[in-house]
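The values are calculated or read from the model by the stated rules, or taken from the named source; none is laboratory data. Everything numeric in this text was worked out from a predicted model, so none of it was measured. Positions of Cβ are generated from backbone atoms using ideal geometry, with glycine treated the same way; all protein chains shown enter the neighbour counts. Heavy atoms of the whole protein, side chains included, go into the accessibility calculation; ligands, DNA and RNA do not. Shrake-Rupley method; radii C 1.70, N 1.55, O 1.52, S 1.80 Å.
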Amino acid sequence: MPHSILDGIANTLTNGINEAQTGLDVLNKTQKVLPDLMTFSQTAQDVAGQLQSDLIPKLQAALPVIQKTVDQGLAITNQLATNISTNLTAVNSLLSQLKEDPNNAELKQALKEALQNLYDHTATLQTHATQLATTLQNLQDSYNQSAVANGQPESHALDTPIKHLNTLATQLGVFKGQVDDLLAHYDDLSIDDLQTKINGLIQYADQVEDSVAKIQAAHIGDSVKNMLDRFSTLIASGNAVLTQLNGEVLPKLPALLFNTQKMLQQAIDYLQKYAQQLPALKQEIHDANTLLNGNMGTIISGLNTASDVYQNDYPLLKNKLQLATSFINNDLPGIENDLTTTLNMANEKFPLVKTALNDATDLINNDWPFLRSGIQKGAEAIRKQQKTVDLKDLIKLLRRDATKESNFLAKPVELKEKHVYPIKTYGSASAPFYTALCLWVGALLLSNIVLTNFALDDKQKKQYTKKQQFIARWLTYIVIGVAQAVIVTLGNIFLLKAYIVDKLPLILLAVFLSMVFMTIVYVLAAMFGNVGKGIAMIVLVLSISGGGGNFPVVLSDQFFQFINPILPFTYGVNLLREPTGGIYAPNLWHNFIILALFAVVFFLIGLFLKDRINPFFEKLHKEATKSKIIH
């Protein structure tokens, strides 16, 4: 880039800063005099001439400043949107390079700096869009108040631009939050995670680009110019009534002038920032030109070679030129942003390149004769072995990465574990199994101690039915079962110090489970006597292996896999696991409902079938007693 162009850019920036500063001075003067004039106009309704000669000219002088401020704000908005697009292109390019060289710390740092630049530009554009929307809203409100005061209709020409600017500010806030989250966790993310998050940024950036396009298509500058022209006419037309200006127009102007001042100050800061960067860019381009002139002979030779290529391979070269044109149009802005970073990196790495060249020179001077002799011997050996050795297989073997193959053989599968409901100790993880086992064994022992039938005289037998006796004895079992469950769970909590997330739910669920187990064992013992107790014992033995309490049932024999769903013990262990590691409601209610069905079904079977089955089993018990083997 010639120095004249850079000088032109510098002059343009300087003129823009000076023009913005001049506008800022005008607004400052207007704001200084405005409170006095407002006070004066409110206390002197009969001095309209002073209003015409002092206030209205100052307001009319401030309106063009507002126009220029809005135009400048729109230009900066478009430039910042372009910068964001350029930053995203640079981020995507650096990520592609980092994927090819994941351990390159410099690339990773450069990518982080590019993301920081993206964040800074996004934050600046969000602030700028919000301020511009506020200024337009204040301008339209001020105009509408003046129009109503003069008996003219309100204008809504700026409603759509204001809506688009507020939408853009909201989207930029979300986008800035995503970039901030990515920067906060940057050092902990893998390349794949970075790729996922950056892809999300690029997709969301499309929405931001759509909002910017809508703002550009709204022709805000023209709308503002038209409104300001009408505003100026309204202010000066027909010696506007002082009371209307006092009550409707003047109170709106301080906010409009203040927001315009803020926008001008933002524009000055933005332009000064880039004006400060121009000298460094100018020096870098000067250095590049000096380097170019020093190698002009080499360049001319290269151009001659390129001419030959052009004449012989024109179709291919034409395609390449088209690709180059596309590159210049799409990617050159990003390269210009990265120019300073690249030159600094080159300066830092030059000593390492010099050292590497010195090492290469020493290798050629000192070790090359020996290496050449070894290469010649190796070539001779290869020529001799070509007849007996398949070089293709040998080359294929040598190309293999021995480190990767050894790592794969040493560790062919890598498991990634994620603990959703972690339990700190193995003993605590086993507590639900042993607690359920304790409750079943307690019910079984109780059936051997407490009779299932009442010893009633003839009068009492007539007074109480069989079903009433069944329910009464069942309640005895239930009360003891509740006490047993409370003692067991309190022992787990306070004596064994087991790890339990939800202690009170554990106690309540254990009480419920004990009632279920007591009901099942009581019905078996009441209906079948010793045979029922034996059935309960068999269920206990099968539950230890088939209930999946301490060992995954899917790794057990097919028989245990078959009986697992029909054992109440399976659902009891799973129920107690929920409060131990943390309750997952769907699992808890699934097991709770199945256990409740077990209890209800057994209770109804015992209530309605006990009297029909008992005569047969009483006869069987008498015969067994006669054998003097069992009681």
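Every listed requirement among (1) open to solvent by 40 Å² or more (accessible area, probe 1.4 Å); (2) of a type outside the set (Gly, Ala, Ser); (3) closer than 30 Å to Ile535 by Cα is met by Leu446 save one, (1). Filtering region 142-157 to residues that are in contact (Cβ under 8 Å) with a residue 40 or more places away in the chain, in a helix (DSSP H, G or I), out of contact with any Leu (no Cβ under 8 Å at 6 or more places or on another chain) and open to solvent by less than 70 Å² (accessible area, probe 1.4 Å) leaves only Gln145. Out of the residues in region 540-565 that are in contact (Cβ under 8 Å) with a residue 60 or more places away in the chain and in a helix (DSSP H, G or I), state the one that is most open to solvent (accessible area, probe 1.4 Å). Checking each candidate, the answer is Ile544. Can you work out which of the residues in region 493-512 that are in a helix (DSSP H, G or I) and touching a Phe, Trp or Tyr at 6+ places or on another chain (Cβ under 9 Å) is surrounded by the fewest Cβ atoms within 10 Å (Cβ to Cβ)? Ranking the qualifying residues of region 493-512, first place goes to Phe512.
Quick check on this structure: which one of Leu189, Leu118, Leu168, Leu201 is of a type in the set (A, V, I, L, M, F, W, C) and either modelled with pLDDT of 85 or more or within 24 Å of Ser223 (Cβ to Cβ) (or both)?
The conditions single out Leu168.
Of all residues in region 513-532, exactly one satisfies the criterion of being modelled with pLDDT under 90, within 13 Å of Leu444 (Cβ to Cβ) and open to solvent by 10 Å² or more (accessible area, probe 1.4 Å), namely Asn530.
A search for C-beta distances below 9 Å between a residue of region 414-440 that is among the charged types (D, E, K, R) and any residue that is in a loop (DSSP other than H, G, I, E, B), counting only pairs 6+ apart in sequence or on different chains, returns Lys424/Tyr499. Restricting Thr160, Thr134, Thr122 to those that are in contact (Cβ under 8 Å) with a residue 40 or more places away in the chain and surrounded by fewer than 17 Cβ atoms within 10 Å (Cβ to Cβ) reduces the list to Thr160.
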